[in-house]
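First comes the structure, then the notes that go with it.
Nothing in this text is a laboratory measurement; each read-out follows from the coordinates by a stated rule. Remember, it's a predicted structure, so these values are computed and weren't measured experimentally. Every residue, glycine among them, receives a Cβ derived from its backbone with ideal geometry; neighbour counts consider all protein chains shown.
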Amino acid sequence: MRCSPTRSEERLWHRLSGSKTGFAFRRQLVIGEHIVDFACTKLRLVVEVDGGYHAVRARHDGARERTLNELGWCVVRVTEHEVFRDLEAVVVLITECARSLATWAP
């Protein structure tokens with residue numbers, strides 16, 4: 001487990017923390033054998049911020065995402081480039097996914 005968030009994770013966390021989106025997110029949550037960047041446990045929504053190194057980890061990331069899906073989690077992936085280029089659009093995407101899941105939640 002990484003002790004320090006990346007700059008992109010820190011930037012996104014500033015917008016997700018404290019339920020600023022209307023949904024409570026946690027950082028670095030352990031789910032099964034994986035540690036995810038952010039998660040809204042109530043909705044079972046995972047948010048992963050992919051850095052440049054993820055290009056060479058596509059197979060691993062795909063397997064990881066399938067495992068999380070099998071455990072009942074929905075995964076949203078954004079790139080660190082998107083976080084730096086248009087943070088507001090990333091937050092809107094995450095919020096819309098959360099709202100969509102909230103309409104289906106029991």
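Worth a mention:
- Counting only DSSP H runs of at least 4 residues, each contributing -39500 (n - 2.57), and dividing by the residue count of the chain, the helix-based mean residue ellipticity at 222 nm comes to -13500 deg cm²/dmol.
- Per-residue HN-Hα couplings for the range 30-42 [Karplus 6.51, -1.76, 1.60; θ = phi - 60°; Hz; x = Gly/Pro]: 8, 10, x, 9, 10, 10, 9, 5, 9, 8, 9, 5, 4
- Near Val76, the amide H atoms lying under 5 Å from its own belong to Val46, Val47, Glu48; only residues 5 or more places off or on other chains count, and H is placed 1.01 Å from N.
- Which labelled figure in [x] -1.33, -1.41, -1.41; [y] -0.98, -1.20, -1.27; [z] -1.10, -1.46, -1.57 is log10 I(q)/I(0) by the Debye sum over Cα atoms at q = 0.20, 0.23, 0.24 Å⁻¹, once derived from the coordinates: [z]
- Summarising the amide proton neighbourhood of Ile31: residues at separation of 5 or more, or on other chains, whose placed amide H is nearer than 5 Å comprise Val36.
- Relative contact order, percent, the range 7-104 [alpha-carbon distance under 8 Å, six or more residues apart]: 26
- Residue exposure proxy: Ile31, Ile94, ordered by other Cβ atoms within 10 angstrom of their Cβ from fewest to most, comes out as Ile31, Ile94.
- Neighbour net charge for Lys42 - beta-carbon separation under 14 angstrom, K R +1, D E -1: +3
- The ranking of His14, His34 from fewest to most other beta carbons within 10 Å of each one's beta carbon is His14, His34.
- Annotation: amide H of Thr41 within the under-5 Å range of Arg26, sequence separation 5 or more or interchain, hydrogens built in the peptide plane.
- Among the DSSP helices (H) of the chain, those spanning at least 20 angstrom by Cα along their long axis with an average Kyte-Doolittle hydropathy of 0.0 or more are 87-104; this is a geometric and hydropathy rule only.
- Choice from Ala63, Ala39, Ala24 showing the highest fluctuation, given a GNM over the chain with Cα pairs closer than 10 Å: Ala63
- Subtracting the Cα-Cα distance of Val76 and Arg11 from 0.36 nm times their residue separation leaves 21.7 nm of extension gain.
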